[in-house]
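*Asks:* Pasting a structure here, questions to come.
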């Protein structure tokens, strides 16, 4: 499978301005996504927001189908929300927890999820347990299997962590959780849009994802997958218009399907942009996207490892399109600023966002580079060039070393 690089770059105006290697933060949008959002905003200005929504009813409804196709789900299993955090939070808050129940997670759990888990345990009397990594730096499946018992209410896992390239073995985790009767909540914030994700193959009951990252949709978009098998067992702690029906002055009923997890008010322009982004990804092909992203990241790791003083920090038997590294004697912010001055976007991840993972590895911060399928080899080379010492500087350093050696002989 191949991607027409010229076509996808022509569809992405941003590549004319910057080498964007921060897709794990937020990707450059295809022109069709921007056009879709702007067109609806203009229509709202012309005829009114609710009138424009009514006019676009069929197109808005089609977004559920596009997103469902993206992850191998059914349209009624999709809730459209404002971010992956909103999706994860509303799903997690709907899971009833009791004193003595246990929640299992991994060292790569995302900061927002970890804080919510700790807060829920304080409130409910449930306990949180961290399953250790295996020798590859991914969640240890043997340790997870031993930890699973009837007291485990939830297994919460981040598919691809924010601070490294590892792909956790989510499908194997899903099989173990299902066998034990535990709910499996998967944070796919960094995997949807760069990996070929299929919820049935992963065995997850709930999956949270964002639009702005590898899916290349607008900020302020995301979605929750909630399987038909579990949805009727879960009721969000706060229901409102659209999520429930007011059946009498004193009664209500949650709506069927995943839309019970939605809030009524949101940007319909951004919803349509999310649909356009999903359709665009499907037109390129998720298997082809995954193949190219993984190959680009592997090439970048190889190039970085050849540069003196640069240490690649990624782990995992399987790696995705997030590349993390440190540079001897240089702060991560300095590396980011230096790259930015030469038209290359990267980002920084700190221990405050990855306490369980970075703390165990003795890391305080890393530089994060995340290419996408529209990234060119030349753009990877531009990043590597910003990290190589200048020839004059290298010669000067070597000269100083020789002088110091001569002084030591005196």
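*Asks:* For the range 340-355, name all the residues that are without any contact (Cβ under 8 Å) to a residue 60 or more places away in the chain and part of a helix (DSSP H, G or I).
*Replies:* 340, 341, 351
*Asks:* For the range 70-79, enumerate the residues that are touching a helix residue (DSSP H, G or I) at 6+ places or on another chain (Cβ under 6 Å) and outside any loop (DSSP other than H, G, I, E, B).
*Replies:* Matches in the range 70-79: 70, 71, 75, 77, 78, 79.
*Asks:* As an exercise: evaluate residue 128 against (1) under 24 Å from residue 347 (Cβ atoms); (2) touching a strand residue (DSSP E or B) at 6+ places or on another chain (Cβ under 9 Å); (3) surrounded by fewer than 19 Cβ atoms within 10 Å (Cβ to Cβ) and give the number of the one condition it does not meet.
*Replies:* Here residue 128 meets the rest and fails (1).
*Asks:* What number of residues within the range 260-297 satisfy the criterion of being in a helix (DSSP H, G or I), crowded, with 16+ Cβ neighbours inside 10 Å and out of contact with any helix residue (DSSP H, G or I) (no Cβ under 8 Å at 6 or more places or on another chain)?
*Replies:* 6
*Asks:* Turning to a different aspect of this structure: Does residue 50 satisfy the criteria of being without any contact (Cβ under 8 Å) to a residue 40 or more places away in the chain, under 29 Å from residue 289 (Cβ atoms) and assigned to a helix (DSSP H, G or I)?
*Replies:* The answer is no for residue 50.
*Asks:* One residue is enough: does the range 84-98 have a residue meeting the conditions crowded, with 19+ Cβ neighbours inside 10 Å, in the same structural domain as residue 164 (by TED's automatic domain parsing) and farther than 18 Å from residue 205 by Cα?
*Replies:* No, there is no match, as no residue in the range 84-98 is crowded, with 19+ Cβ neighbours inside 10 Å, in the same structural domain as residue 164 (by TED's automatic domain parsing) and farther than 18 Å from residue 205 by Cα.
*Asks:* Quick test for you: out of 42, 29, 59, 74, pick the one residue that is modelled with pLDDT of 95 or more and closer than 30 Å to residue 384 by Cα.
*Replies:* That would be 29, the only listed residue that is modelled with pLDDT of 95 or more and closer than 30 Å to residue 384 by Cα.
*Asks:* Collect the residues in the range 128-163 that are part of a loop (DSSP other than H, G, I, E, B), under 19 Å from residue 203 (Cα atoms) and more than 24 Å from the chain's Cα centre (by Cα), keeping them in residue-number order.
*Replies:* 148, 149, 150
*Asks:* Regarding residue 174, is this residue surrounded by fewer than 22 Cβ atoms within 10 Å (Cβ to Cβ) and on the phi > 0 side of the Ramachandran plot?
*Replies:* no
*Asks:* Taking the condition in contact with a strand residue (DSSP E or B) (Cβ under 8 Å, 6 or more places away or on another chain) and assigned to a helix (DSSP H, G or I), does residue 64 pass?
*Replies:* yes
*Asks:* Being within 16 Å of the chain's Cα centre (by Cα) and either within 30 Å of residue 296 (Cα to Cα) or assigned to a loop (DSSP other than H, G, I, E, B) (or both) narrows it down to one of 171, 201, 217, so name that one.
*Replies:* Exactly one residue qualifies, and that residue is 217.
The values are calculated or read from the model by the stated rules, or taken from the named source; none is laboratory data. Nothing here was measured: the structure is a model prediction, and the numbers come from that model. All Cβ positions, glycine included, derive from the backbone under ideal geometry; neighbour counts span all protein chains shown.
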